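Below: the structure, in structure tokens.
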Amino acid sequence: MSKIDWKQIQEWDLKYNVHAFTTAEEYGTTFIERTEGNYLIQPDGTRLLDFYNQLFCVNAGQNVPEVQEGIKEALDRYGCLWDIYTTDYKAEVSKMLIEDVLGKSGWAAKVRYALGGGDAVETALLIARLFTGKSLIATREHGYHGVSAGAAQLTRMVPSRSFASYADKKPSLVPGSIFQNTFVCPTAFCYRCGLSHTYPACKRVRADGVLPCVAQTEELIVSHNLQSVAAIITEPAHGAGTIMPPPEYLPQIEEMKNRLGILWIVDEVLMGFGRLGEWFGYQAVSNRPVKPDMITIAKGLTSSALPLGAVVVNKEIADFMDSMRWNHVSTFAGHPLPLAAAKYNLKYMMEHGIVEAAKKIGEYFGAQLQNLAEKHKTIGLVAGAGMFWQVEIVKDKETKEPFVPEDRFTTFTGSAGNWPIKLISKYAGEKNVLVGGFVPNTLRMGGACNTTREEADIVINALDYAFTNMEKDLLG
Ligand SMILES: Cc1ncc(COP(=O)(O)O)c(C=O)c1O
């Protein structure tokens, strides 16, 4: 590789790239020269331990040699092929998903590929509407499903919902970007219940044991007229919104969707492929086996060596799709290279027990986080599994008072410099550990599924340092 002139790169970056999250004035270039395992490596050799896992997508770690070799093999064989052609990669990845990964699920039948997570959600919405002949999709508060037109309608993270925010003026919403053929239901956020209930006492509120958040969801769906409602979409646990549900929640959503006769799409884009210590998030967070009608997947499908998404559908939907001519194509969905990445990634994950590794390291990391919570007065809640952890940062454990009152409803207006997560990520950064999140009072964390104990310890030490300093800054 020829020597890179990073000064020149910075000049071009500032001059020619449109950047997200900051104004041009606030923006600062972060150079990364290469990646390796759980690390991002900078031109001066600094190794950043990535406990953000590039938005939780590099499940088997960066630069897995077996996956890279597999991509090179495909590159030697193929340029581009569009969807009507079949490669061994496409057929084999689908077989692996349906037989090897989901064989015991009792529901999964066929796969349809997409470009990434948002595109998989768009595809699932189209399928749900075609199959049912109905238009409305129920989504949930704090949900995140992507930023493309249809997925953004389902996304309830305020700043991700087509907002432009400014330091010194009101945010502006992209015209037409809100609520077309969707409506919002509550979620199960037990630490700050939107319905003012307390878990587990809320299990006894109704004689039938239905959680109030599920009962309210059912009422809202019915009130939108069952003749019009195609599906409900849920993440297994909120990724961007960063919330773990109680174990009864998804099984009760399944019972509800069966009662109402609507479809249930589980968006596994972030939680799929070991993130929570099972192949899929819905398996990890439920207290009994459940059967969605469709799942959307991306990120961990290739461990993000190359971009790829997909929708897995049940037998009834697969039969329906097989019965028609569906004029639906995206040039690159089914491209041989990402499918080769998926094949070799799934093979690697199965052969090296990557899902089990996530479960194991999650138990260790969770226990260390709980210890940290005892030491730090600002850690109000630790929740999670595998390599996805939620830490609620509070002024006071008893009252749960948040530092930023708008919390998950912030519009990212004004100065965010002293938000708890900004301070934590700044101080952890001083120890070369990357952590953060979109929610001002909530950290979300997790490395690759095969994170080592040594790496977990480095993160815990960095968090200890970061919490100590944040507490000094904010509480004196
Ligand atoms: C649950 C969920 N769905 C969909 C998406 C969108 O995926 P992508 O960014 O690949 O479009 C994401 C992205 O993080 C996600 O977490």
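FYI, it's all coordinate maths here, none of it is from the lab. In this text the structure is predicted, and so the values were computed from the model without any measurement. Neighbour counts run over all protein chains shown; Cβ positions are idealised from the backbone, glycine included.
Please sort by residue number the chymotrypsin sites (Phe, Trp or Tyr not before Pro) in the stretch 1-34 whose DSSP state is loop and whose Cβ has at most 16 other Cβ atoms within 10 Å.
Taking the stretch 1-34 and a limit of 16 other Cβ atoms within 10 Å, the loop chymotrypsin sites (Phe, Trp or Tyr not before Pro) found are PHE21, TYR27, PHE31.
When only C-alpha pairs under 8 Å and at least 6 residues apart count, what is the relative contact order of the chain, in percent?
Relative contact order comes out at 21 percent.
Label ASN418 and ASP208 with points 7 Å out from Cα along Cα→Cβ: what is the distance between them in nm?
5.0 nm
So which lysines pass the test for LYS7, namely a Cα distance under 26 Å, with those fewer than 8 places away in the same chain ruled out?
LYS15, LYS426, LYS431
Any idea what the relative contact order of the stretch 28-133 is, in percent, if you count C-alpha pairs under 8 Å spaced at least 6 apart?
12 percent
Identify all lysines with a Cα-Cα distance to LYS400 below 20 Å; exclude those on the same chain that are fewer than 8 residues away in sequence.
Correct list for LYS400: LYS375, LYS377, LYS422, LYS472.
Determine the distance separating the Cα centre of the stretch 192-246 from the Cα centre of the stretch 364-393; give it in Å without decimals.
A separation of 25 Å, based on Cα centres.
Could you pull out the longest piece of the chain with no exposed loop GluC sites (Glu not before Pro) in it, calling a site exposed if DSSP puts it outside H, G, I, E, B and it has at most 13 other Cβ atoms within 10 Å?
27-397
I need MET1, MET350, MET244, MET157 ordered by Cβ neighbour count within 10 Å, fewest first.
MET1, MET350, MET157, MET244
Of all chymotrypsin sites (Phe, Trp or Tyr not before Pro) in the stretch 295-374, which ones are in loop regions per DSSP and have a Cβ with at most 15 other Cβ atoms within 10 Å?
Those that pass, being in a loop and sparsely packed, are TRP326.
Pairs of Cα atoms under 8 Å, at least six residues apart: use those to get the relative contact order of the stretch 351-437, whole percent.
16 percent
Considering only DSSP beta bridges where both residues belong to the chain, give the percentage that are antiparallel (nearest 5).
Percentage antiparallel, nearest 5: 65.
Less than 22 Å apart at the alpha-carbon level, and either on another chain or at least 8 residues along: which lysines does that give for LYS90?
LYS72, LYS104, LYS110, LYS299, LYS315, LYS343, LYS347
What value, in deg cm²/dmol to 500, does the helix sum -39500 (n - 2.57) over DSSP H runs of n ≥ 4 give at 222 nm once divided by the residues of the chain?
-11000 deg cm²/dmol
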